[in-house]
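In what follows, a single structure is set out as structure tokens and then discussed.
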Amino acid sequence: MAKVKTTFFCQNCGTQFAKWQGQCTACKEWNTIVEELVQKPEKSDWKTPTSPTKRASVPLLINEIDTTKEARLDTFDGELNRVLGGGIVPGSLTLLGGEPGIGKSTLLLQVSLSLPYKTLYVSGEESQKQIKMRAERINPNNSNCYILTETKTQNIFKQIEALEPDIVIIDSIQTLHSDYIESSSGSISQIKECTTELIKFAKETSTPVLLIGHITKDGHIAGPKILEHMVDTVLQFEGDRNHVFRILRANKNRFGSTNELGIYEMQGSGLREVSNPSEILISKKDEELSGNAIAATLEGMRPLMIEVQALVSTAVYGTPQRSATGFNSKRLNMLLAVLEKRAGFRLGAKDVFLNITGGITVDDPAIDLAVVASILSSNEDVFIPKDFCFAAEVGLSGEIRPVQRVEQRILEAEKLGFATIFVSKYNKISLKNTAIRIQLISKIEDLVDFIV
Ligand code: TYD
Ligand code: MG
């Protein structure tokens, strides 16, 4: 192996050191010093002398740049295609992050198994036998997918050169290591170096690379922030591990919008695409129960009907409990205060529990009205008719505020057979002859009149 030169830099102030130390003597920050490559050996690992793109880049007129080769690769997964903006762009790097056990490996293995192209799935986490066992659960008959268990990038490139796959999947970037850097896998400098090598490979051969990334306990992708800057697309896979639904969203996408959302259901045989989420998220029950209300929300560009459940009961202990699952608890406290002040409800001595069914977290403000309605319904122990739904934000003075793209929400509710939708009076609605009744309200008292 040719000699490589590395040195240590403080990530905070940029001071250079000859060896690693815990504290930077210049800026006094701790744990900011990482190893970086100064000079690579002459022979680079990713080398394709025949590759036409290998020559030095020359400036081109923007109109002369050929985009026909950028046709996207179909992933044969409708949800993933939508989130990526229509498929994988050749030569792009996509990073998929998410909690452990959420199903990142399952998703990408499933994608590799359904592709008709030659795919290489590189795993540094599981053995070939383990992956085979998982593959048998998902899709036992595929002959285009190669599995490699390797963590050293130099060896991976050797195999890639021999195999020439159309798409490469790496599980995970934190397990890779490059010979050029001394520090252990998963360290900032290793992640940076391995990603740089992969980007070089991807851009030079127009092969798309999908990376799996671990996340830290505060929800960020482990490793340097620069990792997210380097890749073209950052996807996040989330959902409650104890529930069956998983949501895939794009946090960054150089080739499409970040508004789109993919929904999956985890089953015994892998992830199933949920193409009509609203039908599943609303429980179909015959009995009418108090404390349930349905919100017409939007997740990205997709309308999504979500069921909100509230339970209001007399507090047993001195301090009442407020607990919210899938909804911001500060916002819940605010809505309770509005109810107390504007509608005269004495909720101060009551426990309030709120749950968004399906294990989904919603941050669309249009869910406010359904939250308020479910609390009122549970508090009064009267049920809200099953065919009512709600879409509006509630303001601090109890006013019902308009929400964006209300017509799309109304049409979704109509499609699913709802009879009445409550929206703000201040929304501009130009829909005519809808089968659904559009109930316009302007303040919280109006809602109380309807429910109680
Ligand atoms: P995995 O893909 O290993 O998660 P990650 O790579 O994000 O850590 O997720 C696995 C979870 O999914 C595991 O708890 C088992 C479950 N699972 C199923 O329910 N059905 C299946 O077909 C597979 C393959 C996994
Ligand atoms: Mg995994």
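Let me confirm something: among ILE247, ILE221, which residue is out of contact with any Pro (no Cβ under 9 Å at 6 or more places or on another chain), within 16 Å of ligand 2 (Cβ to nearest atom) and under 25 Å from GLY101 (Cα atoms)? Explain how you work it out, then say what you get.
On the way: ILE247 fails: within 16 Å of ligand 2 (Cβ to nearest atom).
Exactly one of ILE247, ILE221 is out of contact with any Pro (no Cβ under 9 Å at 6 or more places or on another chain), within 16 Å of ligand 2 (Cβ to nearest atom) and under 25 Å from GLY101 (Cα atoms), namely ILE221.
If I filter the range 107-130 for residues that are of a type in the set (Gly, Ala, Ser), near ligand 1 (Cβ under 9 Å from one of its atoms) and either open to solvent by less than 20 Å² (accessible area, probe 1.4 Å) or not in a strand (DSSP E or B) (or both), do I get at least one hit?
Filtering the range 107-130 for residues of a type in the set (Gly, Ala, Ser) gives 112, 114, 123-124, 127.
Then keep just the ones that are near ligand 1 (Cβ under 9 Å from one of its atoms); that gives none.
No, the range 107-130 has no match at all.
From the list GLY91, GLY86, GLY101, pick out the single residue that is open to solvent by 10 Å² or more (accessible area, probe 1.4 Å), closer than 20 Å to ILE170 by Cβ and part of a loop (DSSP other than H, G, I, E, B).
Details: GLY91 fails: open to solvent by 10 Å² or more (accessible area, probe 1.4 Å); GLY86 fails: closer than 20 Å to ILE170 by Cβ.
Answer to the check: GLY101.
Please verify whether SER123 is closer than 20 Å to THR153 by Cα and out of contact with any Pro (no Cβ under 7 Å at 6 or more places or on another chain), treating the condition exactly as stated.
yes
Would you point out the residue of the range 224-241, among those that are within 16 Å of ligand 2 (Cβ to nearest atom) and at pLDDT 90 or above, that is surrounded by the most Cβ atoms within 10 Å (Cβ to Cβ)?
From the range 224-241, those within 16 Å of ligand 2 (Cβ to nearest atom) are 235-239, 241; that's our starting set.
Within this subset, residues satisfying the condition of being at pLDDT 90 or above are 235-237.
Values: LEU235: 26, GLN236: 22, PHE237: 23.
My answer is LEU235.
Any residue at all in the range 186-205 that's without any contact (Cβ under 8 Å) to a residue 40 or more places away in the chain and within 16 Å of ligand 2 (Cβ to nearest atom)?
Yes, some residue in the range 186-205 is without any contact (Cβ under 8 Å) to a residue 40 or more places away in the chain and within 16 Å of ligand 2 (Cβ to nearest atom).
Quick check on this structure: which one of LEU376, LEU440, LEU411 is under 18 Å from MET301 (Cα atoms) and either open to solvent by 20 Å² or more (accessible area, probe 1.4 Å) or modelled with pLDDT under 95 (or both)?
Details: LEU376 fails: under 18 Å from MET301 (Cα atoms); LEU440 fails: under 18 Å from MET301 (Cα atoms).
After applying the criteria, what remains is LEU411.
Listed residues ILE360, ILE306, ILE282; which is touching a Phe, Trp or Tyr at 6+ places or on another chain (Cβ under 9 Å) and open to solvent by less than 50 Å² (accessible area, probe 1.4 Å)? Talk me through it step by step, then tell me what you get.
Numbers: ILE306 fails: touching a Phe, Trp or Tyr at 6+ places or on another chain (Cβ under 9 Å); ILE282 fails: touching a Phe, Trp or Tyr at 6+ places or on another chain (Cβ under 9 Å).
Matching residue, one of ILE360, ILE306, ILE282: ILE360.
Listed residues GLU340, GLU307; which is in the same structural domain as PHE422 (by TED's automatic domain parsing) and closer than 26 Å to VAL244 by Cα?
Testing whether each residue is in the same structural domain as PHE422 (by TED's automatic domain parsing) and closer than 26 Å to VAL244 by Cα leaves just GLU307.
Considering each residue of the range 132-143, count those that are touching a residue at least 24 places away in the same chain (Cβ under 8 Å) and open to solvent by 50 Å² or more (accessible area, probe 1.4 Å), and give that number. First the steps, then the outcome.
Of the residues in the range 132-143, the ones touching a residue at least 24 places away in the same chain (Cβ under 8 Å) are 134-135, 137-139, 142.
Applying the additional criterion that residues be open to solvent by 50 Å² or more (accessible area, probe 1.4 Å) yields 134, 137.
Matching residues across the range 132-143 total 2.
Among the residues of the range 205-223 satisfying the criterion of being modelled with pLDDT of 90 or more and not small (Gly, Ala, Ser), which is surrounded by the fewest Cβ atoms within 10 Å (Cβ to Cβ)?
Taking the candidates together, the pick is HIS214.
If SER178 passes every condition in (1) free of Cβ contacts under 8 Å to residues at least 40 places away in the same chain; (2) in contact with a Leu (Cβ under 7 Å, 6 or more places away or on another chain); (3) within 28 Å of ILE33 (Cα to Cα) but one, which one does it miss?
(2)
Quick check on my filter: what residues within the range 216-241 are farther than 19 Å from VAL89 by Cβ and in contact with a helix residue (DSSP H, G or I) (Cβ under 7 Å, 6 or more places away or on another chain)? Reasoning before the result, please.
So the first thing to find is which residues in the range 216-241 are farther than 19 Å from VAL89 by Cβ, and the list is 216-226, 237-241.
Scanning the range 216-241 gives ILE221, ALA222, GLY223, PRO224, ILE226, PHE237, GLY239, ASP240.
Mind listing whichever residues of the range 73-83 are under 18 Å from GLN267 (Cα atoms) and either within 14 Å of ligand 1 (Cβ to nearest atom) or not in a loop (DSSP other than H, G, I, E, B) (or both)? Break it down into steps so the answer makes sense when it comes.
First, pick out the residues of the range 73-83 that are under 18 Å from GLN267 (Cα atoms): 77-80.
The answer is GLY78, GLU79, LEU80.
The values are calculated or read from the model by the stated rules, or taken from the named source; none is laboratory data. Just so we're clear, the structure is a prediction, and the values are computed from it rather than from any experiment. Backbone-built Cβ (ideal geometry, glycine too); neighbour counts: all protein chains shown. Each accessible area value is taken on the protein alone, full model and side chains, heavy atoms only, with ligands, DNA and RNA left out. Shrake-Rupley method; radii C 1.70, N 1.55, O 1.52, S 1.80 Å.
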